[in-house]
Amino acid sequence: MKLQNFHVEIAEWSREEQRAALLDLRHTVFVQEQGVPEARERDGLDVDCWHVLARDESGQPIGCGRLTPAHKIGRMAVLQAWRGQGVGVALLRELIGRARAQGWPDVALDAQVSALGFYEREGFVAYGDEFEDAGLQHRSMRLSLPAGSLDITPARDIGALPAATRSETAAARLRLLGEARHRLAIYLPQLGNDSYASTEELAELRRIAISGRSAQIRILLHDPEAALRNDHRMIALAQRLPSMIQIRMPVEEADLAYASAYLLNDIGGYLFLPEAGRAQGRAALHDRATQAALQQHFDEVWERAERAGMLQALDI
């Protein structure tokens, strides 16, 4: 059984594909399913909001939500077939995390009465009387975000690493490489020269590759020929150490539609980028619970993938 069969990404309203996905989801759930007037659903606030989007393994949108500058969570929508599978919780926690990162003292929302229990389980408290909005009964709810808190409830120390900017992501990647002992798993829809190419990163990759008999670096790469054309330095290293650094290419359509990238080391550390081309994600030094779902995804795709023979020196 899969531990995770969807992922959550940050969506930018200015990007046509992501904007269309958000609007289609909301139209399906709010307008078609719940009868909310379309003019009411489109309130003109979206351009100033922070949006999140959930996609299934094939990349199809399945849920969304937003956070407004007025510190309110809203437009939480999950397709009916995906309800009860953790999608709504993942979206909500991503939005709460954004509010915490902004240093906000609290975050609010207007919940449909039928969804009160869902939000209460995440720490929200209802207040005031019920009211009608777009023909549906609602109650206002609020979640306090104490200064310095990192989660809704106290959690174990997972060694969280900042990964919100390009420089932070590069530092997290190097740290995880440096912490690795003998094994790595790297998933890359695309391999640009701004990652796994610095002198420091290559030195760590080489160290791991020659660290002993159990050494193994596995890399899944959607477009290995592009990396070869670009003379990426990691490819050159793999050509010199082909038995320790193995590269495979996904071939199934569903696998090639996967848009995220991640790095997993052998002590429970991970770096996950919901959008491979955008250096914004999350990382931790030792979080085996979160890493497990990514590791399972990697292993399954690895078994289906083909060896990228064109990258090996003399194809040996």
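The values are calculated or read from the model by the stated rules, or taken from the named source; none is laboratory data. It should be emphasised that the depicted structure is a prediction, and the values quoted were computed from it without experimental measurement. Cβ sites come from the backbone with ideal geometry, for glycine too, and all protein chains shown count toward neighbours.
Structural remarks
- Checking residue 309 against (1) at pLDDT 90 or above; (2) touching an Asp or Glu at 6+ places or on another chain (Cβ under 9 Å), the condition it does not meet: (1)
- The requirement of being of a type outside the set (Ser, Thr, Tyr) and in a loop (DSSP other than H, G, I, E, B) is satisfied by residue 36.
- Test: residue in the stretch 206-213 that is in a helix (DSSP H, G or I) and within 17 Å of residue 163 (Cα to Cα): no
- Count - residues of the stretch 47-79 that are over 30 Å from residue 254 (Cβ atoms) and of a type in the set (Asp, Glu): 1
- Count - residues of the stretch 158-178 that are under 15 Å from residue 262 (Cα atoms) and of a type in the set (S, T, N, Q): 1
- Condition check for residue 88: farther than 16 Å from residue 19 by Cβ and surrounded by fewer than 18 Cβ atoms within 10 Å (Cβ to Cβ): no
- Identity of the residue in the stretch 35-69, buried (at least 17 other Cβ atoms within 10 Å of the Cβ) and of a type in the set (Lys, Arg), that ends up nearest to residue 91 (Cα to Cα): 66
- Residue pairs whose Cβ atoms lie under 9 Å apart, separated by 6 or more positions or on different chains, with the first residue in the stretch 83-98 and not assigned by TED's automatic domain parsing to the domain that holds residue 54 and the second among the small types (Gly, Ala, Ser), do not occur.
- Members of the stretch 123-137 that are more than 24 Å from residue 96 (Cα to Cα) and not in a strand (DSSP E or B): 134, 135
- Some residue of the stretch 151-161 being part of a strand (DSSP E or B), surrounded by fewer than 18 Cβ atoms within 10 Å (Cβ to Cβ) and either aromatic (Phe, Trp, Tyr) or modelled with pLDDT under 90 (or both): yes
- Some residue of the stretch 63-80 being assigned to a helix (DSSP H, G or I) and at pLDDT below 95: yes
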